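Reading through the structure tokens given below for one structure.
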Amino acid sequence: MARNGTLALETLERLAPGTPLRQGLERIIQQGKGAIIVLGDGDAVSAISSGGFRLAQPVLFTPPKVSELAKMDGGIILDAEGDHIIAANVHFVPSNDIPTEETGSRHRTAQRIAIQTSVPVVAVSEGRRTASVYVEDTKVELRSPTMVAARVNQDLQTLDRLRRRLDEAENGLTSLEVFELVTYRAVVTLLQRAELVRRVGTSIERQAISLGDEGRLAYIQLADMVRGVEFLRDVTLRDYLPTRRKASLLKARDALGELEESDLEDPVRIAKAIGFDELDAPVTPRGYRLLSRVVRLPDTVREELIKHFKQLPKMLAASIADFEKVEGIGNARATHLQHYFERVRSLAQEWTPQVL
């Protein structure tokens, strides 16, 4: 999934407005033609290619050249960077056993090629006068910059609300931790909102990249809104998973990321996927999340604190002398930790839920 996402973003960057590839697609649409353009060559592509003509030497890509080649019935093969034309008028024969939800023959073929070869494929619809890019099983429609910009701005507003709800959930969890009132329900609420922010952020990132330079401001706003979200998810999982093993963290993180949209709305299904007990069962944090906010605290010292105290409530109640018993902590760091937890307790007492 990570490779798929990276490849999709790289492909969208090459197809951003103003790039030669995008200009070529726009010329094809303007002349009322359709096309299949495969963005890469190799054995997998050759195995499903038939007919056409392969150039003795790759020809430098230009928008006029590709639009002229699109007037032929067959598809076009470019190199992976989209800088050179490799072949034209090619008939592609991917496996019919590959499932596809597309209705048009050109788009069905393009999606099957992308899945079978793991090479990005662009399909230009002659009837709808639109272009779509397929990266394995992911499809992105290349809309006009005006339409994309409007959608990005709308989604950024949604993301802003989601991020405020996530911050509210984290503040609430901190207060419950201080008063030793945490249940799995509060933890699931935070993880649910973190995953929503992550998913909406990923969607906006793809759209902003497809805008090219015009999406730079949106990309800066996006980066600010999603900063630290994945880290927050991970330290929260480390606080509440039954074991501290890294394998458990990775498994729970993957399970959360693989939940369907409908399942993400159900706290019970989220808890089950992660491996939590009954939602209203009490649970005690280890302290990873709050310790992650202590500046200039090395990871090794953080692990020693967790190992020594085992639970966050014991750290909250610890004296300077108690902290000094932990390996790697002297008087200055012990004093800093005690003052930090005093501030945490003070802020928790002032916290009140907000209606968002």
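Under a Gaussian network description of the chain, with springs only between Cα atoms under 10 Å, the residue in LEU250, LEU190, LEU279 that fluctuates furthest is LEU250. Highest GNM mean-square fluctuation among ARG108, ARG343, ARG143, for the chain modelled with Cα contacts below 10 Å: ARG343. Need one word for the range 192-246: rounded, prolate or oblate. Basis is the Cα gyration tensor (sqrt eigenvalues a ≥ b ≥ c); a/c below 1.5 gives rounded, then a/b vs b/c decides. The shape class here is prolate.
Between PHE53 and ARG269, the FRET efficiency from the beta-carbon distance, with R0 = 56 Å, is close to 0.55. With K and R counted +1 and D and E -1, the other residues having a Cβ less than 12 Å from that of THR236 yield a net charge of 0. Ligands, DNA and RNA are left out, and with a 1.4 angstrom probe the accessible area of the chain is 51 Å² per residue. Global dimensions of the range 132-195 from alpha-carbon coordinates: Rg and Dmax equal 18.0, 53 Å. Positive end of the dipole of the range 142-221, charges at C-beta (+1 Lys, Arg; -1 Asp, Glu), about the Cα centre: which of GLN207, ALA194, GLY172 has its Cα farthest in that direction? So the residue we want is GLN207.
Length gained on full extension, ALA281 to LEU9, computed as 0.36 nm times the residue gap minus the Cα-Cα distance: 93.8 nm. One chain, two ends: GLU230 and LYS307. Fully extended at 0.36 nm per residue, the span grows by 25.3 nm beyond their Cα-Cα distance. Which aspartates and glutamates, if any, have their Cα less than 16 Å from the Cα of LYS71, not counting same-chain residues under 8 positions apart? Result set, ordered by chain and number: GLU26, GLU126. Got a number for carbon plus sulfur as a percent of the range 213-337's accessible area, 1.4 Å probe? Answer for the range 213-337: carbon and sulfur cover 50 percent of the accessible area. Within the straight-line cut-off of under 26 Å between alpha carbons, the lysines reachable from LYS307 are LYS246, LYS251, LYS325, sequence neighbours fewer than 8 places apart in one chain being disregarded.
Spatial offset of the range 102-148 relative to the range 202-280 amounts to 27 Å, using the alpha carbon center of each. Here the calculated FRET efficiency for GLN349 and ILE320, from their Cβ-Cβ distance with R0 = 30 Å, stands at 0.85, rounded to the nearest 0.05. Of the labelled figures [x] 35; [y] 23; [z] 42, only one reflects percent of Cα pairs over 35 Å apart as derived from the coordinates, namely [z].
With contacts taken as Cα pairs under 8 Å and at least 6 residues apart, the range 1-101 reaches a relative contact order of 30 percent.
Does the range 55-189 come out rounded, prolate or oblate, given a ≥ b ≥ c as the square roots of the eigenvalues of its C-alpha gyration tensor, rounded meaning a/c under 1.5 and, failing that, prolate meaning a/b above b/c? It is prolate, given that a/c is not under 1.5 and a/b is the larger ratio.
Remark: spin-label model distance GLU342-GLU101 equals 5.7 nm, labels positioned 7 Å along the Cα→Cβ axis. Computed extension gain for ALA44 through ASN331, at 0.36 nm per residue and net of the alpha carbon distance, reaches 97.0 nm. Shown here for the range 186-250: trypsin sites (Lys or Arg not before Pro) in loop regions (DSSP other than H, G, I, E, B) with at most 16 other Cβ atoms within 10 Å, namely ARG227, ARG244, ARG245. With distances taken between every two different alpha-carbon atoms, the range 1-72 has a Kirkwood hydrodynamic radius of 13.9 Å. Spin-label model, ALA247/GLN157: points 7 Å from Cα along the beta carbon direction are separated by 4.8 nm.
Which order do peptides 154-161, 165-172, 182-189 fall in by mean Cβ count within 10 Å, highest first?
182-189, 165-172, 154-161
The simple Förster model, with R0 at 51 Å and r as the Cβ-Cβ distance, assigns GLN23 and ARG296 a FRET efficiency of 0.50.
The values are calculated or read from the model by the stated rules, or taken from the named source; none is laboratory data. Note that the coordinates shown come from a computational prediction; the quantities given were computed from them, not determined experimentally. Here Cβ is always computed from backbone atoms with ideal geometry, including for glycine, and neighbour counts include all displayed protein chains. What goes into the accessible areas is simple: the full protein's heavy atoms, side chains included, and nothing from ligands, DNA or RNA. Shrake-Rupley method; radii C 1.70, N 1.55, O 1.52, S 1.80 Å.
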